[in-house]
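The values are calculated or read from the model by the stated rules, or taken from the named source; none is laboratory data. Fair warning: this is a prediction, and the values are worked out from it, not measured in the lab. Backbone-built Cβ (ideal geometry, glycine too); neighbour counts: all protein chains shown. Side chains are part of the model used for accessible areas, which takes the heavy atoms of the whole protein and leaves out ligands, DNA and RNA. Shrake-Rupley method; radii C 1.70, N 1.55, O 1.52, S 1.80 Å.
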Amino acid sequence: MKLSRVLYAQHIGFMFKKHWVIQGKRVPIDSGVEQYLKEKGINVEDALEFVKEKPELRERLDIVGPYERPLPLDQNHPNYKEKPCYTLSNTSVLLEGICQAQVLTKTVIAEDKLPPRIEELAALSAPKAIHDGVKKAILSANVFDCQQKKLPKKKDLERPAYNFPRILGISDRRRNEVLTNRLLQLVEKSSDTDVTCNKYILNDVDCTTLFDKEEELIQFQDISNILVTSNKPLKHEIDNEDIPFIGIPDLYPIKHTISLPAQHFYDESSKYPIRSNISVKYPHTTWLHYNPTEVNNLYEEPVTPIQVLGRSLTHAFTIASAFAKQLYGEETKDLPEPVYVNCIQTDGQRFHFGIFELNTLNVEGTEGPKNVWYCKNDLKLYDSSRYLSGIPVLENYNPQIYGYINAFYNC
Amino acid sequence: MLALRGQRILSKPKLLALRKYAQVALPEENEYTDTPVYPDIQDASLQARKLRERESVYANIRNLNTVEEKQIGLNMPRYYGWPCVQFKEDHIMYNAMPLVQYYTRTYFKTTDKLPEHYNQFSEIASSIVNEIKSLIEDCIVIENEGLKRNPLTDESKEGLQQKEDSLSKNIVRQINRIIINNIADKVPHILSSQVDYDPKHEAFWFMGGTDVPAKVVNWRKQFAWLKDRLHEPIDRPIQYTGSPILTIRNHLPLKPFIPYNEAENPEFKVEKFTYVPESVGYGVTFRHGTNIPGFWPGDLDEFGLLSYHKRGHILKRNEHFGTLDNLEALHCQAMKASFGWLLAQANYQGFTTYNDITYPLTTQTVITNGHLISFYAYQLNTITMNRDKIENNPKHNICFGTKPFLLYEKLENGKVMGLNEDVLKMLVQFYLNAPEEREHELKPYLGKEEQVIADIEDDNKRCWLESRYKHLMSNTPRHNLLPEVYHWEKIYKIQHKTRFFEAKRRPFELGINPFKRRLDDHLPSYIPKVLRPYPRSKKKFETTYYPKV
């Protein structure tokens with residue numbers, strides 16, 4: 001085909017472009033008036049020069065908006081520090097999971113081992129009405145709650161470009177909130193009034209602990225989704241002699257601060273959410289939600305089960321050490337009495353129970369007194385609970401879990 | 001709009017030919033009676049025919065078996081949803097009380113104390129108050145001063161509202177926890193009740209008896225046959241949306257405060273408010289009508305006992321509205337919230353805005369910011385307010401409400417000064433009010449075996465209805481935008497006919513109202529050939545199971 005056919009064709013974009021170019025270079029037509037006036041001896045001034053005013057100097061206004069703007073994050077920020085602080089938040093995980101958590105917190109682990117008193121209490125059977133309540137709570141959280149939020153996109157690995165219709169449903173955050181609050185309500189309703197009077201329950205409180213390890217500053221910022229506190233310190237009696245502890249591992253060649261981003265904006269003190277003049281300040285049990293849509297690795301790899309277990313340990317350490325620092329002062333190293341904190345982590349189906357014994361705030365090296373983490377992991381509350389072709393189902397409810405939750409509350 | 005495909009169209013000669021072979025049925029022997037029985041003479045006027053048409057729709061919805069089908073049935077006439085008047089829980093206009101009262105058909109009674117029904121719990125409540133007094137004081141101090149939460153520094157109206165709402169949320173959770181833990185072993189209904197945090201409450205109903213909007217009158221003016229019917233009443237769809245802080249619900253309903261026959265007492269008559277809701281400030285949006293009392297159908301605890309609401313929105317109102325109007329706004333919020341929740345519950349019992357409840361339902365509502373607290377007791381007697389029922393419905397709903405009381409005088413040196421025990425007692429009395437088994441049938445309009453779609457045996461129908469119902473209730477926007485008349489069209493095509501030479505293709509040029517489209521007026525989803533049953537299936541489209549109303 002001849003190229004000229006295409007070039008002859010009318011193209012409106014091309015036409016417009018050309019037209020714009022031509023019109024943009026318009027030359028004023030000389031009407032001869034200027035020449036004529038000059039001959040007559042009349043001075044001609046440029047009209048634009050005549051009209052032009054001198055630019056007025058104005059002061060810069062500080063505009064008051066509807067709210068105070070946050071300060072820019074630069075070196076003048078009041079929280080800016082020269083020394084970087086390696087930060088672990090509640091939405092990030094440690095690369096090496098529980099092993100790295102052990103190194104960071106100088107903790108030995110007693111796997112699958114809880115204090116005998118807890119095991120005793122957990123073995124007590126609850127009445128049927130309570131288990132019916134738990135089943136109701138599970139169904140409420142997974143099926144009957146009315147939240148309709150966009151759930152994560154469904155992907156088919158065989159054909160990754162295929163777009164499935166978006167599913168609306170209960171988000172993992174809401175599911176965990178409903179389930180854990182209901183379970184705790186049930187435990188409290190079935191407990192004696194004397195026990196519940198001495199406890200206090202807080203939702204979504206933040207807790208921060210800051211410590212040195214090998215001349216580096218590390219902070220854990222955590223949110224306790226439910227924090228049960230009591231008016232006297234939690235005590236556990238455990239015979240440590242025959243327990244095969246898992247010692248602190250060597251992470252070489254990995255450094256213990258790996259995957260912790262360094263931050264320059266931080267507070268230099270730890271923060272425990274309850275003031276020291278309150279009587280019910282002693283931490284008792286903390287509930288941690290694992291919301292898969294919110295918790296991520298630094299470089300977006302999927303979170304592994306080991307990393308999830310690591311969250312429990314760092315979370316319990318955060319609560320216990322923040323409290324210990326409030327109680328004994330920031331600079332304390334070895335504690336006169338251990339601080340115990342119970343921790344329950346759940347993703348709505350799996351429950352990880354743990355008890356943290358904080359003996360020392362000195363986390364340097366691997367020698368000397370160590371902290372202890374007793375845990376019982378990966379207990380399933382049920383196999384599945386959802387709409388199965390239009391019918392709400394709850395498969396394989398496991399009554400054992402309620403026993404543990406009850407034991408943790410009442411110990 | 002969419003022509004029905006596949007329908008055989010017979011030509012006129014063929015029809016005549018068919019008729020030739022029609023046979024006369026043999027007369028039955030008992031066709032004759034001693035006295036002649038004539039069919040009822042029906043009013044043949046247009047109004048009467050239209051009314052019969054509407055009533056058949058009401059009956060069709062009543063005869064549907066399941067809750068969800070009834071809800072889809074309510075939405076069947078409108079593909080793009082109803083133009084709903086937005087009744088939000090925390091958005092109350094100036095001087096809205098007459099409108100809210102009329103739209104919820106509620107007689108409001110201001111009282112200083114709770115209705116007589118609560119006197120029976122007086123003694124036990126006093127003893128409980130004595131036990132929990134110190135705990136409540138502690139929790140108020142802790143929530144106000146004892147915690148290091150992230151401070152909200154925003155001092156604007158929105159910021160203050162946020163701050164107050166979050167504080168009230170925390171205090172309400174604590175107070176609820178303390179009371180429930182104390183009375184769990186004293187009264188049996190608490191253990192079996194469910195406590196919801198931040199549930200979603202939505203309710204939908206039709207309101208007749210309001211003025212016809214000017215827009216509708218203008219529309220009607222263009223048709224000659226509507227000349228005498230310009231002001232014929234219409235139904236206004238109303239949608240309530242709200243989110244309480246905390247609710248408690250049980251599998252049994254509360255007892256009514258006053259006998260059901262008292263509902264017809266002319267003393268409780270509500271003043272008419274016929275001005276269009278836009279004149280008060282209530283706007284309209286297109287959406288499907290939803291009735292959600294905080295859970296999906298199938299949960300057994302379907303009767304509400306108590307709900308707590310926040311009152312931060314009062315801070316956001318204009319200062320010029322004054323204290324009296326702020327007080328009325330609280331009453332309005334209580335009426336809206338109580339009516340909305342009860343209506344949604346009634347819908348789960350099989351009643352709809354077209355089919356009135358056959359027994360009263362009650363609820364208790366508390367509005368608080370952690371310091372001020374007001375109590376409302378609401379009895380729902382009627383839910384039909386559509387244009388056919390509004391004039392001749394003798395029943396009214398009743399709301400007893402108090403003014404906001406101070407829960408305590410002030411906080412000083414980490415101590416609560418002057419805790420108001422009478423107020424606390426009222427709150428405890430709300431908890432002690434036990435639900436009871438009713439002697440009548442609770443779900444007369446639902447099927448015997450099928451009450452929710454989970455009971456349906458046909459797998460395809462159940463799954464289809466389930467997904468359709470949830471999708472409708474989510475009110476997610478459609479893939480295609482709503483039909484509209486563009487501004488240039490309005491100017492150059494409607495107001496000034498400057499483009500008469502163009503082909504007439506747009507709906508307004510063809511005299512079509514695109515919003516008058518039924519929910520099932522669409523092609524069902526296509527079955528790709530590979531997925532059709534083997535060996536050979538002519539069925540191109542999936543079956544739909546829309547209820548027939």
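In table form, for the structure just shown:
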| quantity | calculated |
| --- | --- |
| Answer residue from region B:149-170, given it is over 13 Å from B:Gly370 (Cβ atoms) and open to solvent by less than 60 Å² (accessible area, probe 1.4 Å) and is farthest from the other protein chains (Cβ to nearest Cβ) among those | B:Gln161 |
| Strands (runs of 3 or more DSSP E) contained entirely in region A:306-411, each with at least 2 residues that are closer than 25 Å to A:Val195 by Cα and open to solvent by less than 20 Å² (accessible area, probe 1.4 Å) | A:334-346, A:350-360, A:371-380 |
| Positions within region A:288-305 being surrounded by 14 or more Cβ atoms within 10 Å (Cβ to Cβ) and outside any loop (DSSP other than H, G, I, E, B), in sequence order | A:Leu288, A:His289, A:Asn296 |
| Number of positions in region B:119-148 that are open to solvent by less than 30 Å² (accessible area, probe 1.4 Å) and either in a loop (DSSP other than H, G, I, E, B) or in contact with a Gly (Cβ under 9 Å, 6 or more places away or on another chain) (or both) | 4 |
| Conditions (1) open to solvent by 80 Å² or more (accessible area, probe 1.4 Å); (2) in contact with a Ser or Thr (Cβ under 9 Å, 6 or more places away or on another chain); number of the one not met by A:Val51 | (2) |
| Subset of region B:156-199 (residues that are touching a strand residue (DSSP E or B) at 6+ places or on another chain (Cβ under 6 Å) and more than 30 Å from B:Ser127 (Cβ to Cβ)) | B:Asp165, B:Pro199 |
| Residue among B:Leu424, B:Leu406, B:Leu432 that alone is open to solvent by 10 Å² or more (accessible area, probe 1.4 Å), of a type in the set (A, V, I, L, M) and farther than 21 Å from B:Ala346 by Cβ | B:Leu406 |
| Residue satisfying all of: in region A:62-77; within 14 Å of chain B (Cβ to nearest Cβ) and open to solvent by 60 Å² or more (accessible area, probe 1.4 Å); modelled with the highest pLDDT among these | A:Leu71 |
| Test result for B:Phe375, in a loop (DSSP other than H, G, I, E, B) and surrounded by 24 or more Cβ atoms within 10 Å (Cβ to Cβ) | no |
| Matching entry among B:Glu466, B:Glu542 (being open to solvent by less than 60 Å² (accessible area, probe 1.4 Å) and of a type in the set (D, E, K, R)) | B:Glu466 |
| Candidates B:Asp196, B:Asp211, filtered to the one that is outside any helix (DSSP H, G or I), more than 7 Å from chain A (Cβ to nearest Cβ), over 30 Å from B:Asn318 (Cα atoms) and not hydrophobic (A, V, I, L, M, F, W, C) | B:Asp196 |
| Residue within region B:107-115 that is open to solvent by 30 Å² or more (accessible area, probe 1.4 Å) and either at the interface with another protein chain (Cβ under 8 Å from one of its Cβ atoms) or in a helix (DSSP H, G or I) (or both) present | no |
| Subset of region A:146-168 (residues that are in a loop (DSSP other than H, G, I, E, B), at the interface with another protein chain (Cβ under 9 Å from one of its Cβ atoms) and either out of contact with any Gly (no Cβ under 8 Å at 6 or more places or on another chain) or of a type in the set (A, V, I, L, M) (or both)) | A:Arg166 |
| Qualifying residue in region A:184-192 (condition: more than 30 Å from B:Thr241 (Cα to Cα), in a helix (DSSP H, G or I) and charged (D, E, K, R)) | yes |
| Residue in region B:443-450 that is within 14 Å of chain A (Cβ to nearest Cβ), open to solvent by less than 70 Å² (accessible area, probe 1.4 Å) and not hydroxyl-bearing (Ser, Thr, Tyr) present | yes |
| Single residue of region B:318-357 satisfying the filter (free of Cβ contacts under 8 Å to residues at least 60 places away in the same chain and of a type in the set (Gly, Ala, Ser)) that is nearest to B:Asn381 (Cα to Cα) | B:Ala346 |
| Any hit, region B:243-256, residues being open to solvent by less than 10 Å² (accessible area, probe 1.4 Å), within 14 Å of chain A (Cβ to nearest Cβ) and among the polar types (S, T, N, Q) | yes |
| Residue that is closer than 30 Å to B:Ile72 by Cα, in a loop (DSSP other than H, G, I, E, B) and either open to solvent by less than 100 Å² (accessible area, probe 1.4 Å) or among the β-branched types (Val, Ile, Thr) (or both), where the choices are B:His522, B:His479 | B:His522 |
| Single match in B:Leu147, B:Leu114, B:Leu135 (criterion: farther than 20 Å from B:Gly283 by Cβ and within 34 Å of the chain's Cα centre (by Cα)) | B:Leu114 |
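Let's see how each residue does on (1) touching a strand residue (DSSP E or B) at 6+ places or on another chain (Cβ under 8 Å); (2) in a strand (DSSP E or B); (3) among the β-branched types (Val, Ile, Thr):
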| site | (1), (2), (3) |
| --- | --- |
| B:Gly322 | no, no, no |
| B:Asp325 | no, no, no |
| B:Ala346 | yes, no, no |
| B:Ile357 | yes, no, yes |
| B:Thr363 | yes, yes, yes |
| B:Asn392 | no, no, no |
| B:Glu409 | yes, yes, no |
